[in-house]
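To keep things clear, I will list the structure first and then write my remarks on it.
The values are calculated or read from the model by the stated rules, or taken from the named source; none is laboratory data. Just so we're clear, the structure is a prediction, and the values are computed from it rather than from any experiment. Glycine gets a Cβ as well: all are built from the backbone with ideal geometry, and neighbour counts include every protein chain shown. Side chains are part of the model used for accessible areas, which takes the heavy atoms of the whole protein and leaves out ligands, DNA and RNA. Shrake-Rupley method; radii C 1.70, N 1.55, O 1.52, S 1.80 Å.
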Amino acid sequence: YVDLEVTGEHEVQRTPVEIERTQQANGQVSDTVSIATDQAMDAVMKAKETGNSIIRLVLPDGQDVVDQTRINVLKDVAQLLAENKLTLEISTENVHLEIPTDSLAGVTQDFYFRLVPIKEEAKRQEIETRARKEEAVRAMLQTNDVHVIGRPMVIETNLPQRPVTVTLP
């Protein structure tokens, strides 16, 4: 189980959510988390009781064994959070996603986020080389001295054209 935290300006409350860990024959470890409607309802009730406005799914990986994580969000869960003006956050060791209420409002299909940390040094070097060549990166930094800090991530979703804040530590 992992925590679905109800947080904000007041005391943090927690709702347990089951996580499914699978190890492939090649040794890769995959985690899958699906927020059930009853778990979301429990979190919404706790948010109302405490006055908090954030529902945060916390996915720890202290031993750095997870090769990919998939988070499934039912449209009913998205609608429930939007109706109650709650932000959904997904927090891992490598990335923090914030899906604001406005992005959850009007969702008409289940959606997912697939998070894949790039652990191999060769792929990390490839990303750093691509970043150095990327005109937008050079223009923003106003230098060619580009280095990858932290762990690069592949982030996939089927959430259609809605703002999500991505924070890479």
Quiz prompt | Selected residue (criterion: nearest to the chain's Cα centre (by Cα)) from residues of the range 86-95 that are outside any strand (DSSP E or B) and of a type in the set (A, V, I, L, M) | solution = Val95
Exercise. From (1) hydrophobic (A, V, I, L, M, F, W, C); (2) under 12 Å from the mean Cα position of the chain (by Cα); (3) at pLDDT below 95, pick out the condition that doesn't hold for Leu115.
Key: (3)
Quiz item: Consider Lys85 against the criteria (1) open to solvent by 60 Å² or more (accessible area, probe 1.4 Å); (2) closer than 21 Å to Asp42 by Cα; (3) free of Cβ contacts under 8 Å to residues at least 24 places away in the same chain: it satisfies all of them except one. Which criterion is unmet?
Solution: (3)
Practice problem: Please give the strands (runs of 3 or more DSSP E) falling wholly within the range 1-82 in which 1 or more residues are open to solvent by 40 Å² or more (accessible area, probe 1.4 Å) and basic (Lys, Arg). | Solution: 13-17, 19-23, 54-59, 68-73
Quiz item: Residues of the range 81-107 being touching a Gly at 6+ places or on another chain (Cβ under 8 Å) and either of a type in the set (D, E, K, R) or within 29 Å of Gly150 (Cα to Cα) (or both), which ones?
Solution: Glu93, Asn94
